[in-house]
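Here's the structure, in structure tokens; my notes come after.
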Amino acid sequence: RLLLVSGPNMGGKTVLMKTVGLAVAMGHAALPVPAKEGSALPDVEIIVADLGDEQSVEQGLSTFAAHLKTLRSMVEQAGPRSLLLCDELGAGTDPEEGAALGRALLEHFAARRAWGVITTHLGSLKRAPAELKGVCSGSLEFDSETLPPRYRFRAGLPGASHALAVAGQL
């Protein structure tokens, strides 16, 4: 029910997550969904998304605090009829603490049987699918020579971030 997607920076993880959310919303609205014959969409009542940076000096919210506000909503809404879309779980703070928080959230979402697509670069979170029932891993293919995303999903395989290669290229 939960897909933890890892892999390269600029590799298409967020595109995959947004595409899943859009497909579920389209299906819910009775619109045709571009999917393989026989595909099924979960029946959801709510979609909660943590995408981008919602920091606000006016509201006194750092990047991390803004993420926490949305994550709190996910914790409250998590259930069998919710779809949770979370980009870069555990980012914006100390990586060890972010990974611990991310692990606790994954455990909560799995226990509540929520649907979700969650992206991360944190190595310790990449191990969670092997340890948590209801969580699977995946990544996206990436051309490490020329760096463009290939947008091909690889189920069951965590991916490397390739941060240094991407930084060198940019």
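Quick notes on this structure:
- Under 16 Å from Lys126, Cα to Cα: lysines that are on another chain or at least 8 residues apart: Lys13
- Of the GluC sites (Glu not before Pro) found in region 111-160, those in coil by DSSP whose Cβ has at most 15 other Cβ atoms within 10 Å are Glu145.
- With all protein chains modelled, accessible area of Asp143 [1.4 Å, Å²]: 40
- Candidates per trypsin sites (Lys or Arg not before Pro) in region 131-160, loop by DSSP, up to 11 other Cβ within 10 Å: Lys133
- Ranked order, Thr14, Thr120 - accessible area, probe 1.4 Å, largest first: Thr14, Thr120
- Apportionment of accessible area to carbon and sulfur, region 21-153, percent (1.4 Å): 53
- Surface per residue (accessible, 1.4 Å probe) for the chain, Å²: 56
The values are calculated or read from the model by the stated rules, or taken from the named source; none is laboratory data. Just so you know, these numbers come straight off a predicted model, no measurement behind them. With ideal geometry, Cβ positions are generated from the backbone for all residues, glycine too; neighbour counts draw on all protein chains shown. What goes into the accessible areas is simple: the full protein's heavy atoms, side chains included, and nothing from ligands, DNA or RNA. Shrake-Rupley method; radii C 1.70, N 1.55, O 1.52, S 1.80 Å.
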